[in-house]
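Here the structure is laid out as structure tokens; the discussion comes afterwards.
The values are calculated or read from the model by the stated rules, or taken from the named source; none is laboratory data. Owing to the predicted nature of the structure, the values given are computational and were not obtained by experimental measurement. For neighbour counting, all protein chains shown are included, and Cβ atoms are generated from backbone atoms with ideal geometry for every residue, glycine included.
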Amino acid sequence: MVFSTILGLFSNSNTASADVANDFKASVMAPLTKITDWNAFKNQLITLKNNGVYALTTDVWWGDVEAAGDNQFDWSYYTTYANVVSQSGLKWVPILSTHTCGGNPGDDCNIPIPSWLWSKGTADEMKYKSETGYVNNEAISPFWSGIGQQYNELFASFAANFTSYKSIIPKIYLSAGPSGELRYPSYYNSAGWSYPTRGKFQVYTDTAKNAFRNAMITKYGSLNGVNQAWNLSLTNTSQINPPSDGDTFYSTGGYNSTYGKDFLTWYQSVLENHLGVIAAAAHTNFDPVFGVRIGAKISGLHWQYNNPSAPHSAENTAGYYNYTTLIQKFKDNNLDLTFTALEMNDDGSAPAYSKPSTLVDNVSFIANNLGVRLNGENALPTGNFQKIEEKIMSWGYNGFTLLRLANLVNSDGSANGNMAGFKQYVINHTKNSNDNTEGNKVTLYYKKGFTSPYVHYRPAGGTWTTAPGKAIPDSELSGYAKTTIDIGTATQLEAAFNNGSGTWDNNNSQNYLFNVGTWTFTPSSTGGVGNITAGLPQGVDTTAPSIPTNLASTSKTDTSISLSWSASTDTVGVTGYEIWRNGVKIATTATTSYTNSGLTANTAYSYTVKAYDAAGNLSADSAAISVTTNPTPVGNSVTVYYKKGFTTPFIHYRPAGGTWTAVPGIAMPNSELSGYAKITVNIGTASQLEAVFNNGSGTWDNNNGQNYLFNVGTWTFTPSSSGGVGSITVGP
């Protein structure tokens, strides 16, 4: 595990910034319950504004806006909400809350996920199931293949309905799971959890277990490879399972075995893939309309941190095993990270083994190293604002959001006793805090000259950033970095670019000037003066391919499923397709067909396909199909390994003397051995298989019209390199 190593790294380092970020802002989270007295609410918001608060963050509940039915949206409550926030002078940060409100610590409302949604798939696909059998519907399981389409529809509708409010929306947050956090519902009161127990693993539906099995077969190539890695003697892939008893998993040291590490890594990877799905939907729908930062949240699970017999077990069951890998996904998906528990102190003693302060340092250190923007929150109602100040200053936080409004403002609109402390230790770190207004903006697209570019800047005539300036994160356009800079009342940005390590592009010491608006900067390929053009980069493909259609299963066996679909179209050209099974990407292909091998007999699998182009634009999911593999065959069987002569080989066969398959036969899936396809054919009571091979398009290898004969057992067929008769040898 990586935790102690990382803590050792930053304990003696000077990575901490000793100041907040240049764009630091203090926000407050709105009440969970619905507003009924809008005038009283507005008075509370005005008090926040008058004390220097920048924005109000608000849960926008999926269960409210799409309750009536699929694609039947009602945004009226939230447009009223946005109007009142605007009238108060605050900015508004919506949280697209796709989880249930109710059942977790601090929840004082009951808003379920839209009820019609559960008819879109099976409970096995859409819900979580814990190691004790508790079925949880607090959020949609990331294993459901339809989740991307639902998020895309919700986000598209929000963008269409709130375009006119973009001047008050400086940021958008995404709910990524239970309580709005990227995690599993591992600790849930209704499931019998109580603090400070570790919580329960959540991947015990058949869909989840099959995903784990397939991931392990893919990693190790075969069941034999799994056995060698795990030092086991499993006889069927159905024996590859999550831990049957989480307590034993820790008490016996199983978490530290190869199996344990594989399981915990895979368990986290499901969340990482899910983050990519919702980020793609958000960037597609929000970037063209709002052009603001998008964020998501990791939970601060601080208990069981240093338990000697179950270290980090509360984090593990929630899906956190390697924070570096997890936070890298925020970087990869151009998302800001929100982390919590900034107000809490370490204890570390039994039974809680709680180390929240250390955990905050650990996560903040990794985010700083990876260049991921940080926003902080408190975990519980607090007045410990000095501790919050320590963290936001130490790690250069970009913002802090206090949970919640009632912690600062009374129902009559007056400030309560916490306001002075919050203002002194948090709000007062807001840059340009005297006017606390958002000024003119300059958005820069930087065509990658430096691999990791920085911009060193000032509002024209103002104060320069500290060299090397601000790292420019990757944009939504391949090959470009992008940043938006608030220049206050200035009308021009003065800037120079560098690689963060002393190599500069400063327009031959004249610097570059950018007016308010959006600009593209292209460095000179020869090291001279770069070029500035107005607007977005020209000639960059930002259009996703059309959604693949007509996804169908063309054939199947007890261990394989073959798929085909109709080609997508694109403004430039489709490069390939992603194959998703049970909500997890398993492969890519340049063709409109794919065979998924190594499956379990008599098991249902859900598939979708996405198209992508050379610029990295990705379509939404195709319609999902569910295919069940054949039962394990009874009778004699013949296994044929086919050394790849045809790239996509088909086998046309019959049990000797029996009935032939329909031409061209069955596509042979790739085997566990590189360069070979493989199929096992049940021939019932027959003792011999009669077969010929072809490429599926009319080119045949039929032993000069005599066909090939295979006895019961395992055989390897090697085609002739000259187009003649192939050879058959016994065994793999």
If you go through the stretch 412-424 one residue at a time, do you hit one that is in contact (Cβ under 8 Å) with a residue 40 or more places away in the chain, farther than 26 Å from Asn316 by Cα, assigned to a strand (DSSP E or B) and among the hydrophobic types (A, V, I, L, M, F, W, C)?
yes
Of all the helices (runs of 4 or more DSSP H) wholly in the stretch 312-380, which have at least 3 residues that are more than 19 Å from His274 (Cα to Cα) and in contact with an Asp or Glu (Cβ under 6 Å, 6 or more places away or on another chain)?
none
Looking at Gly573, Gly598, Gly527, which is the one that is more than 20 Å from the chain's Cα centre (by Cα) and in the same structural domain as Phe497 (by TED's automatic domain parsing)?
Gly527
So Gly383, is it free of Cβ contacts under 8 Å to residues at least 40 places away in the same chain, farther than 28 Å from Ile294 by Cβ and either surrounded by fewer than 20 Cβ atoms within 10 Å (Cβ to Cβ) or of a type in the set (Ser, Thr, Tyr) (or both):
yes
For the stretch 546-564 the number of residues that are under 26 Å from the mean Cα position of the chain (by Cα) and within 30 Å of Ile217 (Cβ to Cβ) is 5
Being under 21 Å from Ala281 (Cβ atoms) and in a strand (DSSP E or B) is the requirement here; does Leu96 meet it?
yes
Residues Ser186, Ser190, Ser233: which one is of a type in the set (S, T, N, Q) and farther than 29 Å from Val60 by Cβ?
Ser233
Counting only helices (runs of 4 or more DSSP H) wholly inside the stretch 115-232, the ones holding at least 3 residues that are of a type in the set (S, T, N, Q) and surrounded by fewer than 17 Cβ atoms within 10 Å (Cβ to Cβ) are 223-230
It is to be established whether one or more residues within the stretch 561-570 are in contact (Cβ under 8 Å) with a residue 60 or more places away in the chain, of a type in the set (Asp, Glu) and either closer than 18 Å to Lys447 by Cβ or assigned to a loop (DSSP other than H, G, I, E, B) (or both).
no
Considering only residues that are touching a Ser or Thr at 6+ places or on another chain (Cβ under 8 Å), in a loop (DSSP other than H, G, I, E, B) and surrounded by 11 or more Cβ atoms within 10 Å (Cβ to Cβ), which ones fall in the stretch 689-732?
Asn695, Gly696, Val712, Ser720, Gly726, Pro732
Take the residues of the stretch 600-628 that are in contact with an Asp or Glu (Cβ under 7 Å, 6 or more places away or on another chain) and in a loop (DSSP other than H, G, I, E, B): which is modelled with the highest pLDDT?
Ala601
Count of residues meeting criterion [in a strand (DSSP E or B) and surrounded by fewer than 19 Cβ atoms within 10 Å (Cβ to Cβ)] in the stretch 499-524
6
Name the single residue that is nearest to the chain's Cα centre (by Cα) among those in the stretch 582-595 being part of a loop (DSSP other than H, G, I, E, B) and touching a residue at least 60 places away in the same chain (Cβ under 8 Å).
Gly583
Options Asn316, Asn285, Asn307, Asn333; residue that is crowded, with 24+ Cβ neighbours inside 10 Å and over 23 Å from Lys391 (Cβ atoms)
Asn316
Tyr188: passes all of (1) in the same structural domain as Ser88 (by TED's automatic domain parsing); (2) under 24 Å from Ile547 (Cβ atoms); (3) touching a residue at least 60 places away in the same chain (Cβ under 8 Å) but (2)
Any residue at all in the stretch 651-658 that's of a type in the set (D, E, K, R) and part of a loop (DSSP other than H, G, I, E, B)?
no
